[in-house]
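Structure, as structure tokens:
The values are calculated or read from the model by the stated rules, or taken from the named source; none is laboratory data. None of the values given here were measured: they were computed from a predicted structure. Virtual Cβ from ideal backbone geometry, glycine too; neighbours counted across all protein chains shown.
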Ligand code: C2E
Ligand code: MG
Ligand code: MG
Ligand code: MG
């Protein structure tokens, strides 16, 4: 491991550390190339209404089909992009691809795009969103940005200003991974957010831990009182969906309803057919 010597200026590198750093530099260079060649893809995961399970939109998730390593996890390449200054370019491409795709969906469907905390501080952030909306022609109301809590530790005023500008345009703002940050409740009242996404870690424990269920129920109720909609992330079981619906959670996202897919056409058609059945008063069995 690293040893600080003397004044602490010199750090000794072991062969393992050197190898890890070489791998990181290589991955960074490959990410640069992937961005230059527009090689990143977007996977879309359905967001469904809890009342009838109709698809109300999709979350866009970055995918990197890597020539050497196969699929690299966003948990690896997103932090890499953030620490190397590539995240702006990555996000711009994601926004453009996601908004372009949404143009082919029914008008009532939204697309949610993850925005890295480091970008929310920059002046160009709002202009970039406006530019993408203009270039693609997507209505602002159909775009939702997902932000995480981490960012607000610094420069809250500035970030609040940027988010207010987006809301004024009609763009929706969702707080992602709610409950995992430092001062969730504080931000809930101070930020102009339209939706709160309850973190998967709370959803995972539903039915196993009564204190956890009470927290979920209270968060949904509190959001409702504040006029904020709620989405539960990572819903995998019917038992979780039942409890969440019972406490008033508005939307679901999770493997129970659909995994992220590069082409969501089949999901859209299935949802549309299902809606037609419901509207014509026929159940799935009767129509089949
Ligand atoms: P997130 O925004 O909270 O996205 C949800 C993650 O949970 C996705 O992982 C999704 O595939 C996964 N997930 C959804 N439902 C289930 C479920 O039922 N079970 C399980 N086990 N997992 C589920 P993914 O695609 O690996 O993305 C991980 C994170 O990487 C995202 O978390 C987001 O924070 C980040 N990310 C992905 N794409 C982007 C991007 O374009 N920009 C930025 N800034 N971050 C991104
Ligand atoms: Mg997200
Ligand atoms: Mg999330
Ligand atoms: Mg999450």
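Within the stretch 196-211, which residues are more than 18 Å from residue 238 (Cβ to Cβ) and crowded, with 16+ Cβ neighbours inside 10 Å? Outline the logic, then answer.
So the first thing to find is which residues in the stretch 196-211 are more than 18 Å from residue 238 (Cβ to Cβ), and the list is 196-197, 199, 201, 209-211.
Result: 196, 197, 199.
Might you let me know whether the stretch 152-164 holds any residue that is modelled with pLDDT of 95 or more, surrounded by fewer than 17 Cβ atoms within 10 Å (Cβ to Cβ), more than 14 Å from ligand 1 (Cβ to nearest atom) and over 24 Å from residue 61 (Cα atoms)?
Yes.
Among the candidates 115, 110, 78, which residue alone is touching a helix residue (DSSP H, G or I) at 6+ places or on another chain (Cβ under 6 Å) and either within 16 Å of ligand 3 (Cβ to nearest atom) or without any contact (Cβ under 8 Å) to a residue 24 or more places away in the chain (or both)? Please lay out each step first, then the result.
Numbers: 115 fails: touching a helix residue (DSSP H, G or I) at 6+ places or on another chain (Cβ under 6 Å); 78 fails: touching a helix residue (DSSP H, G or I) at 6+ places or on another chain (Cβ under 6 Å).
Only one candidate qualifies: 110.
Please go through the stretch 229-246 and give me each residue that is more than 16 Å from ligand 4 (Cβ to nearest atom) and part of a helix (DSSP H, G or I), ordered by number.
238, 239, 241, 242, 243, 245, 246
Assess whether residue 88 counts as being part of a helix (DSSP H, G or I), over 23 Å from residue 279 (Cβ atoms) and within 16 Å of ligand 4 (Cβ to nearest atom).
Here the answer is no, as residue 88 does not meet what is asked.
Looking at the structure I just gave you, is residue 31 over 18 Å from residue 174 (Cα atoms) and either part of a helix (DSSP H, G or I) or in contact with a strand residue (DSSP E or B) (Cβ under 8 Å, 6 or more places away or on another chain) (or both)? Full working, then the answer.
Values: over 18 Å from residue 174 (Cα atoms): yes; either part of a helix (DSSP H, G or I) or in contact with a strand residue (DSSP E or B) (Cβ under 8 Å, 6 or more places away or on another chain) (or both): yes.
The answer is yes for residue 31.
Would you check if there is a residue in the stretch 62-73 being in contact with a helix residue (DSSP H, G or I) (Cβ under 6 Å, 6 or more places away or on another chain), without any contact (Cβ under 8 Å) to a residue 60 or more places away in the chain and within 16 Å of ligand 4 (Cβ to nearest atom)?
Yes, the conditions are met somewhere in the stretch 62-73.
Can residue 228 be described as buried (at least 18 other Cβ atoms within 10 Å of the Cβ) and modelled with pLDDT under 95?
For residue 228, the condition - buried (at least 18 other Cβ atoms within 10 Å of the Cβ) and modelled with pLDDT under 95 - is not met.
Would you point out which residue out of 266, 174, 270 is within 14 Å of ligand 4 (Cβ to nearest atom) and under 14 Å from residue 57 (Cα atoms)? Outline the logic, then answer.
Values: 266 fails: within 14 Å of ligand 4 (Cβ to nearest atom); 270 fails: within 14 Å of ligand 4 (Cβ to nearest atom).
Criteria check complete, one pass: 174.
Conditions: (1) within 16 Å of ligand 2 (Cβ to nearest atom); (2) assigned to a helix (DSSP H, G or I); (3) without any contact (Cβ under 8 Å) to a residue 40 or more places away in the chain. Residue 196 meets all but one. Number of the miss?
(2)
Check off (1) more than 16 Å from ligand 2 (Cβ to nearest atom); (2) more than 18 Å from residue 119 (Cβ to Cβ) for residue 83 and give me the number that stays unchecked.
For residue 83, the failing item is (2).
Kindly indicate whether residue 96 is surrounded by 15 or more Cβ atoms within 10 Å (Cβ to Cβ), at pLDDT below 95 and assigned to a helix (DSSP H, G or I).
Working: surrounded by 15 or more Cβ atoms within 10 Å (Cβ to Cβ): yes; at pLDDT below 95: no; assigned to a helix (DSSP H, G or I): yes.
No: the conditions fail for residue 96.
Against the conditions (1) within 16 Å of ligand 4 (Cβ to nearest atom); (2) under 18 Å from residue 156 (Cβ atoms); (3) loosely packed, with under 14 Cβ neighbours inside 10 Å, where does residue 186 fall short? Just the number, please.
(1)
Can you tell me how many residues within the stretch 237-257 are surrounded by fewer than 16 Cβ atoms within 10 Å (Cβ to Cβ) and within 17 Å of the chain's Cα centre (by Cα)?
Summing the residues that are surrounded by fewer than 16 Cβ atoms within 10 Å (Cβ to Cβ) and within 17 Å of the chain's Cα centre (by Cα) in the stretch 237-257 gives 1.
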